[in-house]
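As C-alpha cells, the structure follows; a few thoughts come after it.
The values are calculated or read from the model by the stated rules, or taken from the named source; none is laboratory data. All of these numbers come straight from a predicted model, not from anything done at the bench. With ideal geometry, Cβ positions are generated from the backbone for all residues, glycine too; neighbour counts draw on all protein chains shown.
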Amino acid sequence: MVEVGGIAADRLRQFIERIERLEEEKAALAGDVREVYAEAKALGFDPKIMRQVIKLRRLDSAEQQEQEALLDTYKHALGME
C-alpha cells in the first residue's frame with residue numbers, strides 16, 4: 001500500500017470511490033422519489049401535504065404531539081385560529 005504523507009493512498013481511494021457510488025445511488029433514488037410525487041400529483045394528491053405527512057410519520061408520538069402543540073401556540077399567538 002502506497003503511503004503519501006502518512007496516508008494510505010489505496011485505502012483513501014477506496015473510500016472516495018465508495019462515497020462516489022453512494023452519491024450516485026442517492027441521486028438516482030431522489031429522482032425516483034420525484035417521479036412518485038409527480039405521479040401522485042397527476043392523480044390529484046398534494047405533494048406538499050404528502051411531504052408533511054411523511055415528516056410526521058418519522059417522528060415518534062411524543063415528538064409529534066410536541067410539534068403540534070408548538071404549532072398551535074404559534075398560530076394562536078399570531079391570531080390564526
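Of note:
- Reported count of residues in the stretch 31-46, each being among the charged types (D, E, K, R) and not in a helix (DSSP H, G or I), is 1.
- Residue count for the stretch 11-47 under the criterion of being among the hydroxyl-bearing types (S, T, Y) and at pLDDT below 95: the result is 0.
- If the condition is being assigned to a helix (DSSP H, G or I), surrounded by 11 or more Cβ atoms within 10 Å (Cβ to Cβ) and under 14 Å from the mean Cα position of the chain (by Cα), then the stretch 54-81 contributes K55, L56.
- Any hit, the stretch 23-30, residues being surrounded by 10 or more Cβ atoms within 10 Å (Cβ to Cβ) and outside any helix (DSSP H, G or I): no
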